[in-house]
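The values are calculated or read from the model by the stated rules, or taken from the named source; none is laboratory data. Since we're looking at a predicted model, the values are computed, not measured. Cβ placement follows ideal geometry from the backbone for every residue including glycine, while neighbour counts extend to all protein chains displayed.
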Amino acid sequence: MQWWQDSVVYQIYPRSFQDSNGDGIGDIQGIISRLDDLQDLGVSVLWLSPVYPSPNADYGYDISNYVGIHPDFGTMDDMDVLLSEAKKRNIKIIMDLVINHTSDEHPWFKESKNPKSPYRDYYIWKQGKNKAPNNWTGFFGEPCWEFDRESGEYYLHLFAKNQPDLNYQNPKVLAEVKKIMRFWLDKGVAGFRCDVINVLHKSSFKDGKRRFFLKGMEYYISQEGCHDILQELRREVLDGYDCFTVGETVFVSPKDAHLFCAPERKELNMLFSFEHMETDQFLVKWFKRKFSAKRLAMVLAKWQTEVAWNANYLENHDQPRSVSRFGNDQLYWEESAKLLALLLFTLRGTPFVYQGQEIGMTNFDFSSMEDIRDVESKNIYALTKKMGFSSKARWRMMQKTSRDNARTPVQWSNARQGGFTTGESWIRVNANYAKINMHSQKEDEFSVRSFYKRMIKLRKQNAVLKEGSFELVKATNSLMVFKRVLGKDSLTIALNFSSKKRRVDTALQGSVLLSTYERVQGDQVQAQAQAQAQAVKADSFSGTLRPWEAVILR
Ligand code: TEU
Ligand code: CA
């Protein structure tokens, strides 16, 4: 096993993590002040969403300088302190590598507006006779060609118009990217999360067919040229360092995942796929769909069995909170948050936890568009108005899908603003911070956070959970049962995705290694773990799961 397979990664969205100076924006000093908490949780790698200078059209995913730090977040000195303080605690850091596009305020793009500039070909400029060069559409519900008066041509942007796509047909662009990667690796970062990394190469600019509400993707998703780029970056940069990459890849199948991640191909180490995130909505968000536990189980099982090593996640900064979409964030909030933790850590692959997930943070309680900051949400809200959706439907869509659901500040305590800031937060704090917060959960050994801690420990000590193969046993609309098998050793995991008691199966036997309903006293945990390791005295499974209960059976 590689160290990155044996790690638990924790994603930080710095803007909303912890403010240290009262300006209402999370920052690097804030992260430093919480390193002890993270070490205590047991995570070994932090992924930082972008901390680089950015005009914030897409909050950091529009970068205007790849080798700097946004003053809102602090200075490069702060970054160096973060790296060394993390290292003291055996925590590595990976950076977000956003290289499909830059900000329109990046000096390259400003130069590029001049058709004679050597930077012109850093971006994708095309002529159009009074209309866009082709019929492609963008990810954020807006056209993906923007006309630039100065130069009389259109530039391509698959995301917001302030995020022009770089031109990877130009070898100079890749040379710049290599420099940027070396800069951070030389500083001691342990790798990269690679933003929309499978769309870099555009193989043609012909009109596209419509697929999933998007036109043109057959010419830029997972093209051969993209594989070439990744292989070159691996050979020439990454291979020189002890690091790993996780790619964010859109519209991929397990087959694609194999092409991107097979060790002998030397591209990415693992990737984030989206199919399980579509079990209650589509990637392109306004599609209505009801969550189905069966669909979730089937999709997970497919990826677990067809892909050698997955990057497992239930949340990130683009997705609604998992307890609100896959669980029951009302009556069974605690139970379902624990069930989702148990699921995440018993899957095969590297687990990724998103900030606040470990305390079961829920979707945003926003009351109007005034509360919303995200460009994607704003665009879709406007677009669906044009399309004739009722305002009620549009608002429901926002509540269910807005990326701001995940971007409310981390709830540290029951102090004003949840202890996130002493000033005014850049985005509203969820009013439920008095009930759901880090401080109270740290004190409580039966809390959601304590359960995360316990699962992280269990996974670390358990070879079957780390290395075992995955076999689906059963998937219904309320039950998911699977096995992890390593040699003669095997564990069965059974989860009840419903608010009713469920009989699993009489054939399912074994002793209960762990249940989400358990209330084990502090020092008993160790003793119990030992007993379990030796498979002595543990309750045998009754065959019935309580509402939202999940168990591991041996
Ligand atoms: O996301 C890529 C992406 O596909 C998402 O925008 C997705 O379409 C949407 O959020 C649905 O869930 C990455 C980053 O994670 C995101 O924050 C950026 O906005 C985007 O790239 C552009 O850099
Ligand atoms: Ca701040």
Those residues that are of a type outside the set (Phe, Trp, Tyr) and either touching a helix residue (DSSP H, G or I) at 6+ places or on another chain (Cβ under 7 Å) or modelled with pLDDT of 90 or more (or both), I need them from the stretch 286-303; list them, please. 292, 293, 294, 295, 296, 297, 298, 299, 300, 301, 302
Only one of (1) more than 16 Å from ligand 1 (Cβ to nearest atom); (2) part of a loop (DSSP other than H, G, I, E, B); (3) not acidic (Asp, Glu) is not met by residue 99, so which one is it? (1)
Qualifying residues in the stretch 102-122 (those that are of a type in the set (Asp, Glu) and either free of Cβ contacts under 8 Å to residues at least 60 places away in the same chain or more than 16 Å from ligand 1 (Cβ to nearest atom) (or both)) - the one farthest from residue 244 (Cα to Cα): 111
In the stretch 77-88, residue surrounded by the fewest Cβ atoms within 10 Å (Cβ to Cβ) [restricted to those that are within 16 Å of ligand 2 (Cβ to nearest atom) and not charged (D, E, K, R)]: 81
Show the residue pairs that are 6+ apart or on different chains and have beta-carbon atoms under 9 Å apart, the first residue being within the stretch 18-36 and basic (Lys, Arg), the second being away from ligand 1 (no atom under 16 Å from the Cβ). 34/18; 34/410; 34/412; 34/438
Go through (1) under 21 Å from residue 209 (Cα atoms); (2) hydrophobic (A, V, I, L, M, F, W, C); (3) at pLDDT 95 or above and name the single condition residue 140 misses. (3)
Set 91, 63: member being of a type in the set (A, V, I, L, M, F, W, C) and surrounded by 21 or more Cβ atoms within 10 Å (Cβ to Cβ): 63
Listed residues 186, 256; which is under 23 Å from residue 44 (Cα atoms) and either touching a residue at least 60 places away in the same chain (Cβ under 8 Å) or acidic (Asp, Glu) (or both)? 186
Tell me which of these residue 277 doesn't satisfy, since it passes every other one: (1) part of a helix (DSSP H, G or I); (2) more than 24 Å from residue 100 (Cβ to Cβ). (2)
Given the conditions (1) within 21 Å of the chain's Cα centre (by Cα); (2) of a type in the set (Val, Ile, Thr); (3) surrounded by fewer than 17 Cβ atoms within 10 Å (Cβ to Cβ), every one holds for residue 43 apart from (3)
Just to verify a result, which residue in the stretch 408-431, among those that are closer than 20 Å to residue 319 by Cα, within 23 Å of the chain's Cα centre (by Cα) and of a type outside the set (D, E, K, R), is farthest from ligand 2 (Cβ to nearest atom)? 430
Across the stretch 189-239, which residue is nearest to residue 66 (Cα to Cα) among those that are touching a residue at least 40 places away in the same chain (Cβ under 8 Å) and small (Gly, Ala, Ser)? 191
I'd like the residue in the stretch 61-76 that is among the small types (Gly, Ala, Ser) and in contact (Cβ under 8 Å) with a residue 24 or more places away in the chain and, out of all such residues, is farthest from ligand 2 (Cβ to nearest atom). 64
